[in-house]
Amino acid sequence: MKLSDFFVTGEPAIYAAEVGIVLGIIAVVFSLTYFKKWKWLWKEWLTTVDHKKIGIMYIIVAILMLFRGGVDALMMRTQLALPNQHLLDANHYDGIFTTHGVVMILFMAMPFLFGLINIAVPLQIGARDVAFPLLNAFSFWAMVAGAALFNISFIIGGSPTAGWTSYFPLAGTEFTKGVGNNYYALGLQLSGIGTLATAVNFIVTILKMRAPGMTLMKMPMFAWSTLITFIIVLFAFPVLTVALAEITFDRTFGAHFFTMGSGGSPMLWANLFWIWGHPEVYIVLLPSLGIYSEIIATFSGKRLFGYTSMVVAMAGIAFFSYFTWVHHFFTMGNTSAVNSFFSISTMIIAIPTGVKLFNEIFTMYKGKIRLTTPMLWSLAFIPTFLIGGVTGVMLSMAAADYQYHNSYFLIAHFHYTLIPAVAYACFAGLHYWYPKMFGYMLNEKLGKITFWLWMVGFNVCFLPQYFVGLDGMARRMYTYEAGLGWTGWNFTSTVGAYIMGVAFLVLAWNIVYSIKHGKRDTTGDPWDGRTLEWATHTPVPVYNFAKQPIVSTIDAYAEYKENGTPIFKDDDIRPIHMPSNSAMPFFSAVGMGLAGFGLVWSWWWLAIIGGLIFLGCLAWRSFDPDKGYHIGVDEIRRTENAAGGLK
């Protein structure tokens with residue numbers, strides 16, 4: 001094999017990225033060495049099983065992936081700003097829009113939400129940890145292994161180029177040579193294993209580890225949305241796991257699940273992908289709706305309106321999410337009866353979604369609304385998402401979809417749905433729970449600047465895409481001729497994209513600036529919150545609660561502050577059992593990553609070594625005698641007193 005076949009060469013942007021990666025690695029290694037932080041990094045982070053630290057690491061990965069996906073987006077928009085641009089050739093453009101979609105959905109949105117879930121949900125239900133702490137760490141590192149394997153493709157071997165949906169026959173070896181699509185299959189496979197493990201972990205945690213008195217119908221809405229989301233994951237992700245394994249067999253071992261000939265069916269992949277893919281939309285939507293519910297209730301100073309109906313609505317969304325997948329390929333040819341069924345089911349799912357929106361609006365009615373940064377993101381979600389929802393109903397009509405589907409109208413709809421629903425929720429949740437993570441708040445002024453820049457940039461970017469789509473511009477075009485009437489729309493859209501890029505830079509500066517200048521939280525409850533995560537100290541002790549919380553109503557902490565209803569057992573402090581840190585999840589991810597890289601290149605020796613490392617880690621776990629440790633009463637008292645007194 002030539003070195004040029006292994007490393008991606010020939011484009012200045014790739015060379016710049018490679019230099020940037022090398023310089024970044026050198027800077028990190030130098031900093032850790034100079035400040036003598038290697039031991040701290042290993043003991044406090046890389047081997048941690050603390051759900052709060054794992055949540056923070058999820059968010060760090062998500063922000064890095066937001067940067068990666070955002071740079072991809074800016075390169076695409078720069079290419080399309082004017083006719084006949086040659087910043088990118090066709091293959092490079094295909095690789096960029098493929099990685100942009102995968103990175104933003106699977107390696108930005110999901111890790112960001114999983115990070116917020118890890119940080120908040122165990123605290124909200126009064127638990128001292130998740131049900132399976134070691135599995136939680138394994139889930140995170142499996143995701144990191146998948147993300148690393150996928151992202152390394154753009155400098156080693158070449159990025160996948162068949163779109164984020166990786167449709168066959170384009171994704172097969174007949175039409176796409178090289179290893180790019182192997183990275184797609186194996187990177188997503190490793191990440192999906194971590195997602196399934198997280199689902200099992202949090203379902204058990206929520207069902208079995210709630211505080212005494214907290215029945216299911218007294219849980220915070222974010223905990224409910226998490227439970228329902230992970231039930232969807234349990235049924236959706238095995239489909240993706242099987243489908244990705246079949247891609248690997250097709251591309252690596254010459255099987256014919258999705259090939260044009262030898263009995264294969266490209267449409268089988270389309271069905272399997274969207275049987276997973278449409279529930280995946282709600283896997284990222286439902287936790288986001290739960291975040292908005294928590295924030296709107298807090299900053300309206302009121303209990304959430306229509307609690308029971310919101311739970312029923314989320315369950316309805318989860319149920320109907322499995323009966324809408326065909327609307328993603330009305331244009332691929334179905335009978336009128338099939339198209340009609342999936343058209344109606346798509347319209348039906350808008351009803352429980354509307355219930356959620358109206359309940360959030362009614363929660364604000366006669367409330368004492370505080371326009372903080374988290375609240376601004378939550379308020380902006382409602383009208384912006386509504387545009388995406390209304391155009392989604394337009395797309396649900398099969399006959400009309402034939403005209404809209406392959407145009408930029410669909411691109412605009414997709415982004416008007418997912419960005420306000422998910423990205424806004426991630427930014428809102430980051431600001432809202434940031435004090436619980438680090439003990440200080442993000443700067444409100446910088447937060448609001450980020451918000452307004454993003455809002456202006458988002459609408460300037462994506463609103464024109466509805467019109468250029470109706471004007472005939474097709475998806476996936478890497479260039480276009482002058483004189484088609486598209487230049488003004490595309491240039492305006494590109495300006496909006498760069499405004500969003502500036503908003504991201506302000507967010508990044510806010511994170512850095514607040515390390516030194518952020519307002520320190522000494523109360524544990526900087527927002528006057530309503531749920532149990534605000535009833536503990538900030539930053540949260542490793543054991544979460546010194547005493548076992550007890551719950552008698554919804555919004556237990558608000559009830560305690562308003563009426564004095566007890567939220568902790570009135571008994572003495574007792575020793576608390578906690579799990580020990582472990583290197584097993586980290587090394588298991590190393591093994592999975594090596595095995596995946598070996599399979600990508602058909603280097604069987606490396607795949608076997610990686611597999612043996614992974615199996616060795618499983619054996620390590622099976623025979624590990626470590627049963628955790630106890631935090632003594634004296635240490636608990638010292639920790640509580642140092643944080644301001646026993647809560």
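How would 184, 434 line up from fewest to most surrounding beta-carbon atoms within 10 angstrom?
434, 184
Which cross-chain or sequence-distant (5 or more) residues have an amide H under 5 Å from the amide H of residue 568, H modelled 1.01 Å from N in plane?
When sequence neighbours closer than 5 places are left aside, the close amide H contacts are 550.
With unit charges on the beta carbons (Lys and Arg positive, Asp and Glu negative) and the dipole taken about the Cα centre of the chain, which residue among 215, 101, 394 sits farthest to the positive side?
Towards the positive end, the residue furthest out is 215.
For 405, 517, what's the fewest-to-most ordering of other Cβ within 10 Å of each Cβ? Before the final figure, lay out each step's value.
Values: 405 19, 517 11.
Arranged by neighbour count, lowest to highest, 405, 517 become 517, 405.
Between residue 9 and residue 67, what is the label-to-label distance in nm when each label sits 7 Å out along the Cα-to-Cβ direction?
Using points 7 Å along Cα→Cβ, the separation is 2.8 nm.
Residue by residue through region 11-27, which ³J(HN,Hα) values in whole Hz follow from phi under the Karplus form 6.51 cos²θ - 1.76 cosθ + 1.60 (θ = phi - 60°), with glycine and proline marked x?
Coupling constants for region 11-27: 10, x, 5, 5, 4, 4, 5, 4, 5, x, 5, 4, 5, x, 4, 4, 5 Hz.
Label residue 511 and residue 173 with points 7 Å out from Cα along Cα→Cβ: what is the distance between them in nm?
Reported label-point gap for residue 511 and residue 173 is 4.1 nm.
Once percent of Cα pairs over 50 Å apart is worked out from the coordinates, which option in (i) 29; (ii) 26; (iii) 10 does it equal?
Here the calculated entry is (iii).
What is the magnitude of the charge dipole of region 167-302 about its Cα centre, with +1 placed on the Cβ of each Lys and Arg, -1 on the Cβ of each Asp and Glu, and no other charges, expressed in debye to the nearest 20?
Dipole size: approximately 480 debye.
Can you give the FRET efficiency for residue 519 and residue 335, using 1/(1 + (r/R0)^6), R0 = 56 Å, r = Cβ-Cβ distance, to the nearest 0.05?
Step by step, r from the Cβ atoms, then E = 0.35.
For the ranges 350-356, 194-200, 261-267, what's the packing order if you count other beta-carbon atoms within 10 Å of each residue, average per peptide, and put the highest first?
194-200, 350-356, 261-267
What dipole magnitude, in Debye to the nearest 20, does the chain give about its Cα centre under +1 on Lys/Arg Cβ and -1 on Asp/Glu Cβ?
Charge dipole, the chain, about its Cα centre: 1400 debye, nearest 20.
Can you figure out the FRET efficiency of residue 308 with residue 624, using R₀ = 51 Å and their beta-carbon distance, to the nearest 0.05?
Here the calculated transfer efficiency is 0.70.
To the nearest 10 degrees, how steeply does helix 307-320 sit against the main Cα axis of the chain, on a 0 to 90 scale?
30 degrees
Taking amide H positions as placed 1.01 Å from N in the peptide plane, with prolines and chain starts having none, which residues 5 or more places from residue 7, or on another chain, fall under 5 Å of its amide H?
Residues meeting the amide H criterion: 157.
Which pairs in the list 53/547; 208/627; 448/547; 52/561; 436/561; 366/445 are over 28 Å apart, alpha-carbon to alpha-carbon?
Numbers: 53/547 21 Å; 208/627 20 Å; 448/547 37 Å; 52/561 25 Å; 436/561 19 Å; 366/445 26 Å.
Violating the 28 Å Cα-Cα cut-off are 448/547.
Can you give me the distance in nm between label points at residue 369 and residue 604, each placed 7 Å from the Cα along the Cα-to-Cβ direction?
Reported label-point gap for residue 369 and residue 604 is 6.5 nm.
Note the full-extension length gain between residue 60 and residue 256 as 0.36 nm times their separation in residues minus their Cα-Cα distance, in nm to one decimal.
Values: separation 196, 0.36 × 196 = 70.56 nm, distance 3.94 nm.
Stretched out fully, the residue 60 to residue 256 stretch lengthens by 66.6 nm.
Tilt of helix 584-601 relative to the longest C-alpha principal axis of the chain, in degrees (0 to 90, nearest 10)?
0 degrees
Return the calculated 222 nm mean residue ellipticity for the chain, to the nearest 500 deg cm²/dmol, obtained by summing -39500 (n - 2.57) across DSSP H runs with n ≥ 4 and dividing by the residue count.
The per-residue figure over the chain is -22000 deg cm²/dmol.
Using only the alpha-carbon atoms, how far is helix 408-418 inclined from the longest principal axis of the chain? Give it as 0 to 90 degrees, nearest 10.
The helix 408-418 is inclined about 10 degrees to the chain.
Determine ³J(HN,Hα), in whole Hz, for all residues of region 575-583 in sequence, where each value follows from phi through the Karplus function 6.51 cos²θ - 1.76 cosθ + 1.60 and θ = phi - 60°; x replaces Gly and Pro.
x, 10, 7, 9, x, 7, 4, 8, 8
Under a 5 Å amide H to amide H cut-off, with H placed in plane at 1.01 Å, what residues pair with residue 440 once short-range neighbours are removed?
Here 521 satisfy the definition.
Would you mind ranking 130, 144, 456 so that the residue whose beta carbon has the fewest other beta carbons within 10 Å leads the list?
Listing 130, 144, 456 from fewest to most nearby Cβ atoms yields 456, 144, 130.
Compute the length gained on full extension between residue 30 and residue 562: take 0.36 nm times their separation in residues and subtract their Cα-Cα distance, giving the result in nm to one decimal.
186.3 nm
At 0.36 nm per residue, minus the direct Cα-Cα distance, what do residue 637 and residue 502 gain on full extension? Give it in nm, one decimal, please.
44.0 nm
Residue by residue through region 255-269, what is 3J(HN,Hα) from phi via Karplus (6.51 cos²θ - 1.76 cosθ + 1.60, θ = phi - 60°)? Round to whole Hz and write x for glycine and proline.
Couplings: 6, 9, 5, 10, 6, 6, x, 6, x, x, 9, x, 5, 4, 5 Hz.
Values in this text are rule-based calculations from the coordinates and carry no lab data. In this text, all values refer to a predicted model and were calculated from it rather than measured experimentally. Don't worry about glycine lacking a Cβ; one is built from the backbone with ideal geometry, like all the others, and counts go over all protein chains shown.
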